[in-house]
Each structure stands twice: as structure tokens, then as C-alpha cells.
Amino acid sequence: MTTFDDALDRDMLSAHLDDELTDAERAAVEARLEASAEWREELAEVRAARDALRNLPEREAPAGFWDAVHAGVVADDHEAADDDVVVPITAAPSHPRRRWAWVAASAAAVAAVVAVVVVPHRNEVSPNVATVVAQHGAQGSDNGDPVSMLAPVGPLAGLRR
Amino acid sequence: MADGVPTWEEVARDHGRFLYSVAYRLAGNDDDAQDLVQEALIRIRKGLERYEPGSLEGWLARIVTNVFLDEVRRRKRRPADALPDDPERVLPTTPAADEVFTGLSDEVQRALGALPDDFRVPVVLCDVSDLSYEQIAEATGVPIGTVRSRIHRGRRLLRSALVADGVNGP
């Protein structure tokens, strides 16, 4: 049965690997390792876990992350933008979103609006709205003045009785 | 860099990958890692004036860890009606189900992500950030004896998970 004190002692195995023991503690652990196969086995286990973690590669941020972070900082700090030379982070290992993702999101929204409003596209509404307006506008216009051209709105919306 | 104190841009450029790696190992997924790094960078920027030259990466790791722990505490404080019905609002303890895993490092990350926060944080700070037990105790606000215990138990849990997952070597 493992006692509380024994569990505390076993904690020293990781500390031993990490060189976090005093000289006296290290000597005690090494003596215990000599005598106990169970301790040696546990040391091998935690060493394997430690090695697995320490061999993990550095994680790259998704593309665009650092650029967006940088843009967000510049946007947030007008004084710094005026006074300091901003070092480009193009050499940063990788790339954002959320808090400063609004920068990218705003750009995307503007691009979408421009695409809808400015970019010519095929009229796919049937019947053709322009034709219907012209036809009903002619019927609803009594004297051809500009204001009467609003008349077609009534018939199309079913408001005229 | 003046008097050993880096500018914010230098921190982001030269230590960004380290910062992101620590955040990713703590959070377990890219979405939360990005949020952690962004918040950490805000704090770093504010704190650079008070930074005293020393272990810069240790300082950076402590900041991103504090951001992570603040977020964990914030989410724990949330009322019950804000919890699991919306998985996006809960910091996952495991990587997203649709995350693509490739290679042994992904198995390790999955096992790491499955550790309870109390064990994952000191283990990451020790084995990813390379902080001393004393620095970890300072960063997490727990006694150094507790740090030692959690690192050991965390590694044992991790090893068990890896073995159960069919990973036998480091």
C-alpha cells in the first residue's frame, strides 16, 4: 500500500530529472533507486513523458496571425504610430484573429460591399424589374412629371385599389 | 532594445513562436491559443516599461500562463446556463474533435490536453517553457512542494495516456 509519505518521496523522481533537489535529497533518491526496481521503473516512465514533451516542436500560429496582431496594435496606439519607427514583423515565425481580427474582418466586409455594389453582375430577377417598372410607370403616370414616376410602387405592392 | 529591455515589436518578432507554443500547449487548440497570445501581448506591451532584464522567455511564459489561468477562472465563474450547451464558450480540455492530428507530437498534445489544468499548467511551464520550480510556483501561486507533486503526477498521467494510446517511446 502506498502511503502519503511514500507518494511525496516519489515526487522527487521528477525533481531529480529536473535537477531540482538538494544534495541531500538527490543522495536519498539515488540510494532508493539503487534498491528499488519499482522506483527505477517509475523514473523511466516520467523520463519518457518528460522527453516526449520536450521533443514537441514549436507550434506555428496560423497564417496572417502576426500581421493582424501588428495591425491591431498600430491601430490601437496612434501616439506610437506617430513617434516610433515600427519594426515590421514580417520575420515573425508565423501569423490572428479575434480581438484584432476586426481589422481583417473589416477589410473583408468592405471588400464584400464593394463587390456587391460596384462589380457589375447579371440581373437574375424574373420578371425583369426594370421592364415591369417601365410598363407600370407608364400606366401610373398621368402627365409624365418626375413625381408621378413613383406611381408604379403602388401597383407593384398591391396598394392601389 | 534599450538597456536590455526589448521593444514590443522585438518581443513579437523574436519570441512570438515561443509565446504561441506555450499558449497552444496550455489551451490545446489554435483558437484559444490565439486569444491567449493576443491578450498576453497587450499585457506584455503594458508591462515592458516595468520589465527588469532577466529571463525574458520566463517572464513571457508567466504572462501567458496568467492569462490562461484568468480565463479558466472566468469560465468557472460563469453561471450554469452559460456552460456546456455552447461548446465554443467552454475552454476545452482536449483538442477540437475535428482537429487533424499528424505524427507523434499530436498524440502527445492530445494526452497533454486531456490532463486537468492543475497538472497541465506546471508540466507545460516546466517542459515547454523550461521554467524552474520556483518560477512555476510564483507563476501559479502554489507552494513549490505542490509544484513538484503536480509535475510528477502530471507526467505519470501523461505517460499512462500515451501508453493507452499505443505510444510506447518518448
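Amide H neighbours of B:Val5 under 5 Å, counting only residues 5+ apart in sequence or on other chains, H built in-plane at 1.01 Å?
HN-HN under 5 Å from B:Val5: empty list.
Can you work out D for segment A:4-54 in µm² s⁻¹ from Stokes-Einstein, where Rh is the Kirkwood radius over C-alpha pairs, the temperature is 37 °C and the viscosity is 0.692 mPa s? Walk me through the intermediate numbers first.
Details: Rh = 11.1 Å.
Using the Kirkwood radius from Cα pairs, D works out to 296 µm²/s.
What distance in nm separates the two pseudo spin-label positions at B:Leu104 and B:Val5, each 7 Å out from Cα along the beta-carbon direction?
4.4 nm
Put a dot 7 Å past each Cα toward the Cβ at B:Glu52 and B:Glu138; how far apart are the dots in nm?
Distance between the two pseudo-spin positions: 0.8 nm.
All of the numbers you see were taken from the coordinates with simple rules; none came from a lab. The structure displayed is predicted, hence computed values, not measured ones. Don't worry about glycine lacking a Cβ; one is built from the backbone with ideal geometry, like all the others, and counts go over all protein chains shown.
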